[in-house]
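Let me begin by presenting the structure, written as C-alpha cells, before commenting on it.
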Amino acid sequence: MTKQLEEIFGFDQLEQAELTVQPEKLTSEETRTAIIEIDVTLDKIDAALPAIRNLDSSDTELDEIAELAKESFENLSDLGMNVDSRYSAELFAVASTMLGHALTAKTTKLNKKLKMIDLQLKKLKLDQDAAKNGNDLDTIPTAEGQLLTRNDLLERLIGSREQKDK
C-alpha cells in the first residue's frame, strides 16, 4: 500500500505485520528430508525428459510470458489502488486477466512436460510388451520385390493362366 492510503485508513505497519500469516515452522531435519524428496522427484522427471528436444526453449518462453504477466498484474494493481474508484474496477479486471495469463502459461508448461512423460512411459510399456511377446521389429518378416518391365509381367501372368488351365 502507499503511504497516503495508510494514513487515510489509519493502517499501521504493526497491524499489517499481525495480519500476515506465518508459515509453519519445520525442523532442520524435516526440511532436509523434504528437500531430498523433492530432489529425487525432480531427478526422475529430468531423467525422463532428455530424449525430448527443444523443450527448454519453449519452457523459457513460457516462463518469460508468465513473468511479464505477473509484472503487469502488479503494476496494474498498484495503479488501481492510486486512481479514482470508478476507474479502479476496470484496472483490477485487466490485472486479474494478466494473472490468468501467467497461470495459463505455467499450466501449459507443466501439462506439456506431463504429456511428454506420459508418452515416454507408454513407449516404454510398448517396448516391454514387445520384448515379452518376442515381437521385435527386427523379427517381423518383410516382403521381397523384383523390378519387372510391363512385358515381363504380362508374360508371367499369361504363364500362370496357362498353368491354371492345364
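Among the listed pairs Lys44/Lys125; Lys44/Lys132; Lys44/Lys113; Lys44/Lys112; Lys44/Lys115; Lys44/Lys122, those whose Cα-Cα separation exceeds 19 Å are Lys44/Lys132. Neighbour counts of other Cβ atoms within 10 Å put Asp84, Asp63 in the fewest-to-most order Asp84, Asp63.
For Val40 and Leu79 in one chain, what is 0.36 nm times their gap in residues minus the Cα-Cα distance, to one decimal in nm?
Values: separation 39, 0.36 × 39 = 14.04 nm, distance 4.27 nm.
Taking 0.36 nm per residue and subtracting the Cα distance, the gain is 9.8 nm.
Using a simple spin-label model with pseudo-atoms 7 Å out from Cα toward Cβ, Arg150 and Glu162 lie 2.2 nm apart.
Straightening the chain between Leu124 and Glu64 buys 18.3 nm, computed as 0.36 nm per residue apart minus the Cα-Cα spacing.
FYI, it's all coordinate maths here, none of it is from the lab. Note that the structure is a prediction, hence the values are computed from the model and not measured. Glycine gets a Cβ as well: all are built from the backbone with ideal geometry, and neighbour counts include every protein chain shown.
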